[in-house]
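First up is the structure itself, then whatever we jot down about it.
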Amino acid sequence: MASVDDIRALASQVIDPEIGRTLGDLHMIADVQLTGTTYVVRLELPTPLYPNSHRLKKLVSDKVAVAVEPGQTLDVQIEAKVRGKNSGGRIGLKVHNVIAVGSGKGGVGKSTVAAALACGLHSFGCKVGLMDADVYGPSIPHMLGASGQPAATEHVAGDGQKFARMEPIDVDGLKLMSMGFFIAEGQSVVWRGPMLHKALTQFLKDTDWGELDYLVIDLPPGTGDVSLTLSQQVGLAGAVIVCTPQQVALLDAIKAVDMYQKVNVPVLGMVENMSGEIFGRGGAKRVAEELKLPFLGEVPIDATIRKYGDAGKMMDLLKDDSPSRDALLAVCQNVAMQIARNLLETPAAPTLEIL
Ligand code: ADP
């Protein structure tokens, strides 16, 4: 009769079809037990967005089946736990993965993709925060139908000192914070560089995010220094670059990629938004290939996206049977999987610390 270790050894040899390495290497076998006459193998996926998990389950079942004797059974169970390079932190910020969403220029749908990404991750049961750092056009609260002002709560630190924390606005469990909450509608804001940096840092660190699997940050467009500030202060899991398919927008995206790479922010890949008749198709994929970056998917130009965004229903866009739902969910999955892949390839990074 096969021992539990035999079963584990067999399961460990299975090559993960998504990442291309063995389950043993990927530490994806959480546990193997023999309960009565049943071998229970528990697999742990690196994110609930892992695609086609039943395919992996079948690969493991087939591999282990040879060691299961008549009268014995096999039960392969699947669970997911988001892994991340950041956790803990001196200021109590517990965020596993910080994802920045950037673009070379405005109007390409960066905020829309950031909001959809956060909603999509949330729809898979992850603990998600969304920070709207696009100070020049904070549109995220509107897209999610959120209003009001974040409440401040007082806390006492270990040394007895009191400090205040802002409560993010809760949208069906998604934690949202935006500069927009502090700016009257229709007003513009002029930020001087240092003030902006300070405001953003404070925003991140003084918000009571709680424990998060993913924190999505919607950056201001351009190759500005805001991204630099964030990348220096937060151990970003990576940046997602959003662009439209036409040439001018792609050139700006290439510049943005270059900037992230210069400041050592891993670029998770490029998303082509608004692809279709008007702007063309496939441009971002080509550029991603040229730059040797992952292509994270294409989102069609689709009036439903604008309508849902305008109506403050981004959360529903990913639930309802909308024409772009699958495309958006695929982007979410690709982002989550790219983070998981990067984590497995790079050694553990230091704990997230905000200076
Ligand atoms: P950015 O953040 O890059 O400035 P936004 O996300 O604010 O851009 O999007 C600009 C406008 O385009 C919004 O009205 C939004 O609803 C719309 N939009 C974004 N993506 C799409 C899409 N794929 N199809 C149709 N409209 C879109």
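Before moving on, here are some points about what is shown:
- Using only the C-alpha atoms, the convex hull of the range 94-345 corresponds to 131 Å³ per residue.
- Along the range 136-142 the Karplus relation, 6.51 cos²θ - 1.76 cosθ + 1.60 evaluated at θ = phi - 60°, assigns HN-Hα couplings of 7, x, x, 9, 4, x, 4 Hz to successive residues, with x for each Gly and Pro.
- Using alpha-carbon coordinates, inclination of helix 193-205 to the longest axis of the chain, degrees: 40 degrees
- Reach of Lys94 by Cα under 17 Å, taken over aspartates and glutamates that are not fewer than 8 positions away in the same chain: Glu167, Asp206, Asp208, Glu211, Asp213, Glu353
- Test item: Cα-centred dipole of the range 4-80, Lys/Arg +1 and Asp/Glu -1 on Cβ, debye: 200 debye
- On the beta carbon distance between Met195 and Asp316, with R0 = 41 Å, the FRET formula returns roughly 0.70.
- Phi-based couplings in Hz for the range 323-337 (Karplus 6.51, -1.76, 1.60; Gly and Pro marked x): x, 9, 4, 5, 5, 5, 5, 5, 4, 4, 5, 5, 5, 4, 6
- At most 16 other Cβ within 10 Å, DSSP loop - GluC sites (Glu not before Pro), the range 238-329: Glu277
- Asp326 paired with Gln246, simple spin-label distance in nm, labels 7 Å along Cα-to-beta-carbon: 2.9 nm
- Once backbone amide H atoms are built at 1.01 Å from N, Val240 has Ala100, Val101, Gly102, Leu268 as its partners under 5 Å, excluding neighbours fewer than 5 places away on the same chain.
- Rounded to the nearest 5, the antiparallel percentage of DSSP beta bridges internal to the range 22-128 is 45%.
- Carbon/sulfur fraction of accessible area - the chain, other protein chains in place, 1.4 Å, %: 51 percent
- Here the calculated FRET efficiency for His54 and Thr304, from their Cβ-Cβ distance with R0 = 45 Å, stands at 0.95, rounded to the nearest 0.05.
- Within a Gaussian network of the chain (alpha carbon springs, distance under 10 Å), most fluctuating of Glu211, Glu167, Glu69: Glu69
- Label zone at Tyr136, where the point sits 7 Å out along the Cα-to-Cβ direction: the range 239-281 residues whose backbone N lies under 15 Å: 252-253, 256
- C-alpha long axis of helix 53-65 to longest principal axis of the chain, angle in °: 20 degrees
- DSSP beta bridges fully contained in the range 4-80 are about 45 percent antiparallel.
The values are calculated or read from the model by the stated rules, or taken from the named source; none is laboratory data. All values derive from a computational prediction rather than experimental measurement. Don't worry about glycine lacking a Cβ; one is built from the backbone with ideal geometry, like all the others, and counts go over all protein chains shown. Each accessible area value is taken on the protein alone, full model and side chains, heavy atoms only, with ligands, DNA and RNA left out. Shrake-Rupley method; radii C 1.70, N 1.55, O 1.52, S 1.80 Å.
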